[in-house]
């Protein structure tokens, strides 16, 4: 979104429809690693967008302090990350869930002792690989399962791992919350935003080359002539993305 702003494109079509925009603290830490991104975020807050940060330790309150269920959500959200899942099984899980440490304690310790080797950054911080994606997934699943009145739940991310983690977590949690129906989680990647702006006439095809510098995988659905729908993932260059945007039977999933 910072790239849109740098190219003189307003963010109202992208952010204007939301009543609440939450940024997990672990993600905020990563935002601060890149020059100018925190300042850009603050500019959007000052403009009036309802952007708030939330600490992972506070997720318990969102579940009504049902910390046994919250552990299951964290466990499901890390199902595709063997080292983190093994850590949870070994150091957090207990035979009797009532004997587990408080969520705020073990989630803080998990982040401090993140079991995936990190990268030391020039600012002195260690980047925790996949931590941001896990935090996004946990938060989206908490809202999905605990807030059925939510009209729309959308995750903004460019990381395909977050998409895969959430889809896997939702599948697992259906057996945990058998009597509930989750709010569907939608995704907006940079490519889906570009597609939206093209269709709304806010940008023209020539602008895509300034907004998108690399080819990326795009997951999209397309309606066939018999009205069936096929889900496809393809490596898309700019011209192919422009073609997809021009096809109204196409929906960019990620």
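Checking the structure you have, find out if any residue of the range 115-124 is on the phi < 0 side of the Ramachandran plot and not in a loop (DSSP other than H, G, I, E, B). Yes, because at least one residue in the range 115-124 is on the phi < 0 side of the Ramachandran plot and not in a loop (DSSP other than H, G, I, E, B).
Residues of the range 219-251 that are surrounded by fewer than 16 Cβ atoms within 10 Å (Cβ to Cβ) and either in a helix (DSSP H, G or I) or assigned by TED's automatic domain parsing to the domain that holds residue 7 (or both): 239, 240, 243. Scan (1) touching a residue at least 24 places away in the same chain (Cβ under 8 Å); (2) touching a helix residue (DSSP H, G or I) at 6+ places or on another chain (Cβ under 6 Å); (3) crowded, with 18+ Cβ neighbours inside 10 Å for the single condition residue 87 breaks and write down its number. Unmet for residue 87, out of (1) touching a residue at least 24 places away in the same chain (Cβ under 8 Å); (2) touching a helix residue (DSSP H, G or I) at 6+ places or on another chain (Cβ under 6 Å); (3) crowded, with 18+ Cβ neighbours inside 10 Å: (2).
Restricting to helices (runs of 4 or more DSSP H) lying wholly in the range 1-111: which have 1 or more residues that are farther than 23 Å from residue 192 by Cβ and within 19 Å of the chain's Cα centre (by Cα)?
Values: elements: 2-6, 12-15, 25-31, 37-47, 59-62, 67-77, 82-87.
Counting at least 1 such residues, we get 25-31, 37-47, 59-62, 67-77, 82-87.
In this structure, is residue 178 touching a helix residue (DSSP H, G or I) at 6+ places or on another chain (Cβ under 9 Å) and either exposed (fewer than 14 other Cβ atoms within 10 Å of the Cβ) or closer than 24 Å to residue 80 by Cα (or both)? No: the conditions fail for residue 178.
The values are calculated or read from the model by the stated rules, or taken from the named source; none is laboratory data. If you're wondering where the values come from, they're calculated on a predicted model, not measured in any experiment. For neighbour counting, all protein chains shown are included, and Cβ atoms are generated from backbone atoms with ideal geometry for every residue, glycine included.
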